[in-house]
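Report on one structure; see the data block that follows.
The values are calculated or read from the model by the stated rules, or taken from the named source; none is laboratory data. From a predicted model like this one, the values you see are computed outputs, not experimental measurements. Every residue, glycine among them, receives a Cβ derived from its backbone with ideal geometry; neighbour counts consider all protein chains shown.
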Amino acid sequence: MKAKRKTGLVFFPAFDWAISETHPEREERLLYTQDQVFEEGILDIEGLVEFKPVLATPKDVERVHFCVPDVEAVLTESHYISAGGCKTIADAVLGGKVDCGFALVRPPGHHAMRVVHGARGFCNINIEAIMIEYSRQTYGVDRVAIVDTDCHHGDGTQNIYWHDPDTLFISLHQDGRTLYPGSGFPREMGGPNALGTTINIPLPPRTSKEGFLQVMDKLILPILEEFQPELIINSAGQDNHYSDPITAMNMCAQGYAKLTDKLRPHIAVLEGGYSIEGALPYVNVGIILALAGIDYSWVREPDYQPAEIRQGDDVESLISSTCEDLLNLRQQCALKREKYLQGEEFVQRSKTIFYDTDSIIEEQKETVRVCRQCAGVVKIDSYADTGYHLLGIYVPRKGCGTCQELGRQWFEEGSVKRFDLVCLQERVADEYHVKRK
Amino acid sequence: MIVGLDVGGTHTDVVVLKGREIVRKVKQLTDEENLLETVCFGIFDATRNLEPLSIQRVVVSTTLATNAIVQGKIEPVGILVASGPGVNPNGFAIGEHYYPVSGAIDHRGGEIAPIDEEEILEIGRKLGSAGVRNLALVSKFSVRNPSLELKMRDLLENNFNTVTLGHQVSGQLNFARRIATAYLNAAVVGISRTFYRAVRGCMEQQGIQIPLEILKADGGTMALDSSAQYAVETVLSGPAASVMGTLAFADPTREEVVLDIGGTTTDIAILVDGAPLLKPLGIRMGGYNTLVRALRTVSIGVGGDSWVRLENGHVRVGPERKGRALAYGGPEPTPTDALVALGVVGGGQKQRAIEGIRRLAEQMGKGVEETAETIVTESCSLILEAVNALVNRVNQQPVYTIHELLEGRIIKPSGFIVIGGPAKELAPRLEAMSGLQVRVPPEYEVANAIGAAVARTTCEVTVLADTSRRYVYAPEENYMDRIDRRATKREVIRIALDLLRKKALRLGADEDDLEMELLEDQEFNMVQGFYTVGRNIRVRAQVKPGLISPYREVAA
């Protein structure tokens, strides 16, 4: 047996880390997956290579996040390893050692936004974003697409790339009206400088394999073809599974394998998935085999009854109309963009962010400069009920002279009398500056 | 007195030890076509005129199983494989009689699909009429629940000479390797049984009435009677013999590298805390990955007889061997010739060696001596590169807990122990080039036979407990018992060590040599809904490879 595509794996189950003793994000989450992967002999297959994860550094984290009060305070060792495991896979893929890779790591990251006051949705830091920005910095990668197939809306990743026209973020998830975090609707399409590079595909509960593959064929693959990314990342959450205890979807291991086969991501990163006995062992084996180009037709759950979980016609027609809506909305993006360019120089949005895992409420006011040349400098005024008040300024990777200058000016003006900390993420020079009270 | 015999590709070495003293050592040529004669003559020569009753132990390391596998001189095997869902089992096909069958066990050990009895019996009939006499029966996750393998055995065993069951070859997870290991065992178990019975017969003729012990690839021994089932464990015991022979000279407080520099290859092993490192899962054999416990050795094509020539004006050594050294009548220059030309090694036809080196020297426009030095340096640096690569691989081995990743031990060898033909001559150069201490043990040329003589019995057990279902089990040992719902890891460890002790004694170990250690001990809460319903506990323990008690703590 031989892999058609050379595939790297980082397998880091973190058997000694849990959010709390009975929390779904606990020690044995990947135990049965490890048993299945080991028992199948997958790591012996020619062309499958297992890598030991490196540790991410605070510098990697600060390239993406404003951590309050600092990186050390919001991360545990496990987060450094989980983000480091993604870096390891990126190094293997971009360094040419393998064709594609899968970071089977925990804890996950796709609910972590740019500002981090604590953990939300079991995530502290966004491991995909850290990996992507590391890859851009180290390997000069420019255009990246992230396809988030976790059952929950990838609101953290969306937040981080909301203003970035070079990062296409596509999330398909159970409809936000029925599941945490309650966002991810078709009209959320990106900031004024990046309209159309955020795409949200809410799916009705009980969507099965057929629905997911329909969305892949009708929407995702054509959009990817149009965007022409250099790197495709799959946030491979597995909680769409019919046996998942905290969601209401009807996906199966065969469906995940097929979806992976169609998408052919360069890098898959494990996100959620809490049916640790009935789903994860089979779904992960399916994904690994599909990535490597090995026959996955034998992969199925012991209790798999395709007829029982197949979505109804109502689900199918709802999905069809969502796809149509999205295609229409996409066509309006150019016009909307033109309106922004004619309008105010600065666009503001305010929101309240709830950190469910750590029970923190954050009030945020974000200002972006509408820019013809670059992704636009961003300023975030963030106050959390922990008492911390942050001013975070973000100068994008390909920031123009004006935006760079404005970013520096905002940073200098930010008063440590008013804010506990003022941070400047200067991605042009890859620098991070902090002023503290 | 104890006797160690190691059959190598070229030589067979025998030693007789009395206490620390070597009473006798015999080196004879190996007759690959007639291994039985080689072994019996070896024992006969070594024990001639010795009082048979004074011989307390005989350990043999042979190439029998290895050669049979490598040369394809194996018996046909019928292999039935119950895979259930997962990787397509046709991808693991092995041998000429491979049958995927229905029946499945899941990762928790639950039977999720039964055996189809009629299907099994039908395959049995087919194999019977094809003249297949050996069976291997394997199911996925049989180390969690062997019931499918046992049912297949009950249906078929009467019609076959030997039956190898997957869950008995190892307690480790890896279906693909379990298939290969069971297959290879079934393929050599018949010839091994015949061979070792004949060796026993030779010993008895000389009045030696003690059980024969056989060396395994992990550097441990097992009694012959217990080993007929597990013939495959004796493959590649040769490198293990040499490593065990150096153990008495190792410094148990340091990390050291063992180099066995032979004619064709150099074998490399790593000693940590006075014991050799083992491969994480098992040895690779005849093109198959297996679950056969083995020392972590690496073999590279650099030895005293390696072919030396110029490529693009640079000296290249090995990996091929064209024959013996020029100095000993061979066809091409070798590192041995370089040592002879330099006058470091005496004997042989020095002039022939010099001539050979001169031909290379002239093409490079250099002197004979300088060229000979270059050859020796190149050989040593190939060896040292391979050592570094091995050490790096060991340090890069994946781990699965934060603790191991952050606190993981980094191996950093502080010295070399070198054995084999050119050991003495290369030692000073290796020392100069590596900057590490290099030691050559006395009697280094029969270290392999000494290793066989003094290696202790080793074995491994895996014990699993599921406190929500209230049982503890070790399928490999046919062990299953009730356990309290509040049982802890400590209790499971106690059970594992007890099973390990019994197993080791059964395999021929001495009570004094039971140096046991835990290889793995994990404990997980099993949560249903948001409540902890029990614990999943996994313990794996081994008797460490090492030396029998009188030979421990010899040198250093």
Test: B:LEU135 is buried (at least 23 other Cβ atoms within 10 Å of the Cβ), under 30 Å from B:VAL7 (Cα atoms) and not β-branched (Val, Ile, Thr): yes
task: Specify which of the listed residues (B:ASP251, B:ASP267) is part of a loop (DSSP other than H, G, I, E, B) and either at positive phi or not aliphatic (A, V, I, L, M) (or both).
output: B:ASP251
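In region B:482-526, what residues are of a type in the set (A, V, I, L, M, F, W, C), part of a strand (DSSP E or B) and over 30 Å from A:SER20 (Cα atoms)? Talk me through it step by step, then tell me what you get.
Taking region B:482-526 and keeping what is of a type in the set (A, V, I, L, M, F, W, C), we get B:483, B:487, B:492-493, B:495-497, B:499-500, B:504-505, B:507, B:509, B:514, B:516, B:518-519, B:524, B:526.
Remaining after also requiring part of a strand (DSSP E or B): B:516, B:518-519, B:524, B:526.
The one that is of a type in the set (A, V, I, L, M, F, W, C), part of a strand (DSSP E or B) and over 30 Å from A:SER20 (Cα atoms): B:MET516.
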- request: Could you look through region A:1-23, keep only residues that are assigned to a strand (DSSP E or B) and within 7 Å of chain B (Cβ to nearest Cβ), and pick out the one that is farthest from A:ILE287 (Cα to Cα)?
  value: A:PHE12
- prompt: Residues that are at pLDDT 95 or above and among the β-branched types (Val, Ile, Thr): which helices (runs of 4 or more DSSP H) entirely in region A:258-343 hold 1 or more of them?
  reply: A:280-292, A:306-309, A:313-331
- prompt: Are there any pairs, at least 6 apart or on different chains, whose C-beta atoms fall under 6 Å, with the first in region B:235-260 and within 21 Å of B:THR63 (Cα to Cα) and buried (at least 24 other Cβ atoms within 10 Å of the Cβ) and the second of a type in the set (A, V, I, L, M, F, W, C) and at pLDDT below 90, and if so, which?
  reply: B:VAL235/B:ALA65; B:VAL235/B:MET285
- request: Can you work out which of the residues in region B:415-435 that are closer than 24 Å to B:LEU277 by Cα and part of a helix (DSSP H, G or I) is modelled with the lowest pLDDT?
  value: B:ALA423
query: If you take the residues in region A:90-127 that are farther than 17 Å from A:PHE12 by Cα and among the aliphatic types (A, V, I, L, M), which one is surrounded by the most Cβ atoms within 10 Å (Cβ to Cβ)?
result: A:ALA112
message: Yes or no: region A:24-47 includes at least one residue that is in a strand (DSSP E or B), buried (at least 22 other Cβ atoms within 10 Å of the Cβ) and either of a type in the set (Val, Ile, Thr) or more than 8 Å from every other protein chain (Cβ to nearest Cβ) (or both).
response: no
- prompt: So which residues in region B:75-100 are buried (at least 21 other Cβ atoms within 10 Å of the Cβ) and away from chain A (no Cβ under 14 Å)?
  reply: B:VAL77, B:GLY78, B:ILE79, B:LEU80
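Of the residues B:GLU355, B:GLU320, only one is part of a helix (DSSP H, G or I) and either surrounded by fewer than 18 Cβ atoms within 10 Å (Cβ to Cβ) or on the phi > 0 side of the Ramachandran plot (or both); which?
B:GLU355
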message: For region B:76-126, give me the residue count where each residue is within 17 Å of A:TYR304 (Cβ to Cβ) and outside any loop (DSSP other than H, G, I, E, B).
response: 5
- prompt: Can you find even one residue in region B:304-314 that is assigned to a loop (DSSP other than H, G, I, E, B), over 30 Å from A:PHE38 (Cβ atoms) and under 28 Å from the mean Cα position of the chain (by Cα)?
  reply: yes
statement: With criteria (1) touching a Ser or Thr at 6+ places or on another chain (Cβ under 6 Å); (2) surrounded by 19 or more Cβ atoms within 10 Å (Cβ to Cβ), B:ARG178 comes up short on (1)
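Mind checking which residues of region A:297-320 are more than 14 Å from chain B (Cβ to nearest Cβ) and surrounded by 10 or more Cβ atoms within 10 Å (Cβ to Cβ)?
Step one: filter region A:297-320 for residues more than 14 Å from chain B (Cβ to nearest Cβ), giving A:307-320.
Correct list: A:GLU308, A:ILE309, A:ARG310, A:GLN311, A:GLY312, A:ASP314, A:VAL315, A:GLU316, A:SER317, A:LEU318, A:ILE319, A:SER320.
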message: Can you find, within region B:268-289, the residue that is surrounded by the fewest Cβ atoms within 10 Å (Cβ to Cβ) among those that are more than 11 Å from the chain's Cα centre (by Cα) and within 14 Å of another protein chain (Cβ to nearest Cβ)?
response: B:GLY287
Some residue of region A:70-89 being modelled with pLDDT of 95 or more, buried (at least 21 other Cβ atoms within 10 Å of the Cβ) and outside any helix (DSSP H, G or I): no
- prompt: B:LYS412 versus (1) surrounded by 14 or more Cβ atoms within 10 Å (Cβ to Cβ); (2) in a loop (DSSP other than H, G, I, E, B); (3) of a type outside the set (Val, Ile, Thr): which is the lone unmet condition?
  reply: (1)
- prompt: In region B:465-495, which residue that is touching a residue at least 24 places away in the same chain (Cβ under 8 Å) and in contact with a Ser or Thr (Cβ under 8 Å, 6 or more places away or on another chain) is surrounded by the most Cβ atoms within 10 Å (Cβ to Cβ)?
  reply: B:PRO475
